[in-house]
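J.: Let me begin by handing over the structure; questions about it come next.
The values are calculated or read from the model by the stated rules, or taken from the named source; none is laboratory data. These numbers were taken from a predicted model, which means no experiment stands behind them. Cβ placement follows ideal geometry from the backbone for every residue including glycine, while neighbour counts extend to all protein chains displayed.
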Amino acid sequence: MNIKINGENREIEKEITITELLVLEKVKMPETVSVQVNDEFIDQDSYENTKIKDGDDINFLYFMGGGA
Amino acid sequence: MRDFSDEELERYSRHIILEDVGIEGQDKIMDSKILIIGAGGLGSPVALYLAAAGVGEIGIVDGDVVDLSNLQRQVIHATKDIGVPKCESARAKMIAINPHIKVNTYKKFVDASNLLELVSGYDFIIDGTDNFSAKFLINDACVLANKPYSHGGILRFGGQTMTIKPNESACYACVFDRPPPKDAVPTCSSAGILGAIAGMLGTIQATEALKYIVGAGQPLYNSLLSFDAKTMNFRKINFKKNPKCRVCGGEGIKELKDYEAVVCESKI
C-alpha cells in the first residue's frame with residue numbers, strides 16, 4: 001500500500017501500527033516526535049492501536065528546542 | 001494617527017511606500033509594544049529588525065551575560081560586550097539603530113512567578129529561548145494572558161516556527177503536548193547550530209510580528225513551518241486547534257506552573 005511520510009511517497013507491504021512505523025522509520029525515542037495522520041495528531045497512548053491505512057498522509061514533527 | 005516628522009518619513013520611507021503597510025501600517029508599528037524573550041541567537045535578529053522597523057516599545061528579557069561562544073551567531077552582541085548583560089548589550093545596539101524607540105530591559109530568566117506580568121504589558125511576544133521548559137511556559141502564559149506570539153526553535157541546520165493566536169489558532173501544546181524527557185532532544189550547546197540558521201529563523205519571527213501588528217497577509221497560524229538548510233527544503237505542516245489540548249483545550253490550564261515543578265509533582 002502507498003502512504004506519504006513527511007510529504008514523500010512511500011510503499012509499505014502491509015497495514016501496520018504507528019508503533020511499528022516508528023520502528024520502521026528508525027525513530028529511536030517516540031517521545032521526541034509528534035505524529036500526525038491526515039491532519040489529526042495521534043495521542044502517544046494510541047500509537048499501538050492506530051493502524052496506518054492505504055493513502056494515509058503522515059507527518060513526523062520533531063521537537064526543536066534551540067534558540068540561543 | 002500621529003504627525004510624522006520629516007526624519008521619520010524618510011527613515012521609514014520603504015515601509016510607507018509598501019502596499020499593505022503604508023503610513024497607517026507604520027503608525028501601527030510605532031504604536032506597538034513587543035516583548036522578546038531571550039537576547040540570543042533568535043532574539044538578536046528579531047531585536048535588530050524590530051528596532052529598525054520603529055516598533056515603539058520593545059522589551060528584552062535575558063538573565064545572561066555575553067559569552068565568547070555566543071558571538072558565532074548572536075549578532076547583536078560584539079566582542080567588547082563579553083561579560084555585559086545581554087539585555088543591556090542588545091539595548092545599546094537597538095538605540096544606536098533607532099534612537100526613537102523605547103527599549104525596556106529585564107535582566108532575569110522567565111519563570112511562572114514573573115512571566116504573566118511581563119507579557120501583560122505587550123501586544124506580541126517572541127519566544128527566543130533555548131529550552132523546552134521556557135518554551136512551554138511561554139506558550140502557557142500567552143494562552144492564559146491571551147497574547148499572540150511567535151514560537152521558534154533551531155538545531156544544527158534546521159529550524160521551525162509557528163505563530164499562535166491563543167483561543168483561535170492551535171497552540172504549541174496542541175502540536176507537541178508536553179516537553180520531551182530531559183536530554184532526549186539535543187540542544188544547540190550539545191549538538192551545535194550553524195550560526196546563520198539563527199538569522200534565518202529569527203528574521204521569520206520578526207516578519208511574523210510585523211505582519212501581525214500591521215495586519216498584512218496570513219500569519220503562520222495553524223501551521224508549523226520547518227526547514228532543513230542542508231537541502232533548503234521548506235515545509236509547512238497544517239493542523240487545527242486540538243479541542244482536547246492540555247493547555248488551550250476544553251479544560252485547559254487555569255494558572256501558570258513551572259515545568260520542572262510539574263515534573264516533580266507527578267513523581268510524588
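J.: If I filter the stretch B:61-86 down to residues being away from chain A (no Cβ under 13 Å) and buried (at least 17 other Cβ atoms within 10 Å of the Cβ), which single residue comes out as nearest to B:D111 (Cα to Cα)?
T.: Applying the filter and picking the extreme gives B:P85.
J.: Take the stretch B:144-157 and flag every residue that is more than 10 Å from every other protein chain (Cβ to nearest Cβ), surrounded by 24 or more Cβ atoms within 10 Å (Cβ to Cβ) and in contact with a Cys (Cβ under 8 Å, 6 or more places away or on another chain).
T.: Within the stretch B:144-157, just B:Y149 meets the criteria.
J.: Pick out, from the stretch B:1-92, the helices (runs of 4 or more DSSP H) lying fully within it that include 2 or more residues that are under 19 Å from B:I126 (Cα atoms), touching a Ser or Thr at 6+ places or on another chain (Cβ under 9 Å) and in contact (Cβ under 8 Å) with a residue 40 or more places away in the chain.
T.: It comes to B:43-53.
Every residue, every condition in (1) within 14 Å of chain A (Cβ to nearest Cβ); (2) under 22 Å from B:K182 (Cα atoms); (3) in contact with a Ser or Thr (Cβ under 6 Å, 6 or more places away or on another chain); (4) not in a loop (DSSP other than H, G, I, E, B), yes or no:
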residue: B:I95; (1), (2), (3), (4): no, no, no, yes
residue: B:P99; (1), (2), (3), (4): no, no, no, no
residue: B:T105; (1), (2), (3), (4): no, no, no, yes
residue: B:S113; (1), (2), (3), (4): no, no, no, no
residue: B:L116; (1), (2), (3), (4): no, no, no, yes
residue: B:V119; (1), (2), (3), (4): no, no, no, yes
residue: B:Y122; (1), (2), (3), (4): no, no, no, no
residue: B:I125; (1), (2), (3), (4): yes, no, no, yes
residue: B:F136; (1), (2), (3), (4): yes, yes, no, yes
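J.: Collect the residues in the stretch B:177-206 that are among the hydrophobic types (A, V, I, L, M, F, W, C), free of Cβ contacts under 8 Å to residues at least 40 places away in the same chain and within 8 Å of chain A (Cβ to nearest Cβ), keeping them in residue-number order.
T.: B:A184
J.: Next up: I'd like to check which helices (runs of 4 or more DSSP H) are fully inside the stretch B:158-252 and have at least 3 residues that are surrounded by 16 or more Cβ atoms within 10 Å (Cβ to Cβ).
T.: B:172-176, B:195-214
J.: Next question. Would you check if B:N167 is away from chain A (no Cβ under 14 Å) and at pLDDT below 95?
T.: yes
J.: OK, next. It is to be established whether one or more residues within the stretch B:224-231 are within 13 Å of chain A (Cβ to nearest Cβ), among the charged types (D, E, K, R) and more than 17 Å from the chain's Cα centre (by Cα).
T.: Checked against the condition, which is being within 13 Å of chain A (Cβ to nearest Cβ), among the charged types (D, E, K, R) and more than 17 Å from the chain's Cα centre (by Cα), the stretch B:224-231 yields at least one hit.
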